[in-house]
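Just so you know, all these numbers are worked out from the coordinates, no wet-lab data involved. The structure displayed is predicted, hence computed values, not measured ones. Glycine also receives a Cβ, built like all others from the backbone with ideal geometry; neighbour counts cover every protein chain displayed.
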Amino acid sequence: MTPHRHSRSPVFAQNIWGILFILPAIGLLLIFNIYPLLRALYLSFHTWSLAGKPAWVGLANYVRMFTQDQQFTQAMGVTIRYSLGVNPVLWVSGLSLALLMNRDLKGRSIFRTIYFIPTVVSWVVVSIVWYSILHPSFGINAMIMRVLFNAQGIPFLTHQAYALPMIIALSVWKSMGYQMVIFLAGLQAIPGVFYEAAAIDGANRWQQFIHITLPLLAPTILFVMVTSIIGSFQVFTPIQILTLGGPAGATRVLPYLIYQNAFLFLKMGYASAMSVVLFMILMTLTLIQVRVFRMGEIG
């Protein structure tokens, strides 16, 4: 019995040290992730204006949200349109660039850097740069229109037909390099012997892409899809800097509506209810994607 007990003690000590080392990370997770989530869930059943104590209202915030608040309905529609406009373009362009950058081309590293630069620049800087380009009065857009056509600048940020497409274009340009790098990492992890064997069997590039690249790239595709959809449902900074949710709510996505209710109208309980709904939507979409990919792997 004694030797057996002594043989287990080093393993037990290692476990203790491992737990001690991860305690700071667990503490940060509890403080900055788990607690805010539980606090938002708690506040969603209350009304609170940051003054005094929260007052219990039960499901009133949720009932109002889904039956009375037209801004919520509009914001949800704008968020869905934004996500549908951004994500498919990101997936196709990111994978296409990755396939191109994975080939033996001259200056490949330079092009990789150029495509990736917008990713490392902050959203604030990128949004300000685009604001200086698109503004219809003093932007580069206005200068070009005056010089070439003696006309006013195109109202890219102030017209309902243009505002959301411009935000979508900015988001695609900003995030495309990141998607490229993730896809490129997945492509480089695929063993080259598969392509060599397929080429010997007479498979062309398209057949190799369909039967080798896509199946082996499935985990990477799942990661890209999940993270990009979550990111598209959390967009905020370009809306805040470029349009403030306008014109007439055309770019007011759900995160911006949550911000308005929480910090401009001081309706913390109502904003928390919206946050909970947003969390449930993202969790549901993520679970659906994971389930679909698992079914594809089993099939």
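Per-residue Karplus couplings for the range 237-250, computed as 6.51 cos²θ - 1.76 cosθ + 1.60 with θ equal to phi - 60°, are listed in order as 4, x, 5, 5, 8, 8, 10, 6, x, x, x, 6, x, 5 Hz, Gly and Pro entered as x. Where Lys and Arg each count +1 and Asp and Glu each count -1, what net charge lies around residue 188 among other residues with Cβ under 13 Å from its Cβ? Charge balance in the 13 Å sphere: +2. With a simple spin-label model that places each label point 7 Å from the Cα along the Cα-to-Cβ direction, the separation between residue 264 and residue 14 comes to 5.6 nm. Taking 0.36 nm per residue of sequence separation and removing the Cα-Cα distance, the residue 193/residue 28 pair yields an extension gain of 55.0 nm. Identify the residues of the range 230-269 with backbone N under 15 Å of a label point that sits 7 angstrom from the Cα of residue 173 along the Cα-to-Cβ direction, or state none. Hits in the range 230-269 for residue 173 at 15 Å: 238-239, 242-243. One chain, two ends: residue 50 and residue 140. Fully extended at 0.36 nm per residue, the span grows by 28.2 nm beyond their Cα-Cα distance. Per-residue Cβ neighbour counts within 10 Å put 200, 167 in the sequence 200, 167, beginning with the fewest. Among the listed values (i) 42, 25, 17; (ii) 38, 36, 19; (iii) 34, 22, 18, the one matching semi-axes √(5λ) of the Cα gyration tensor in Å as calculated from this structure is (ii). When each full DSSP H helix of the chain is screened for a Cα extent of at least 30 Å along its own axis and an average Kyte-Doolittle hydropathy of at least 1.0, the helices passing are 160-188, 268-298.
For the options 37, 105, 278, a Gaussian network treatment of the chain with springs between C-alpha atoms closer than 10 Å singles out 105 as fluctuating the most. Counting neighbouring Cβ atoms within 10 Å and putting the fewest first, the residues 147, 125 line up as 147, 125.
Estimated from helices alone, the mean residue ellipticity of the chain at 222 nm is -23000 deg cm²/dmol (sum of -39500 (n - 2.57) over DSSP H runs with n ≥ 4, per residue).
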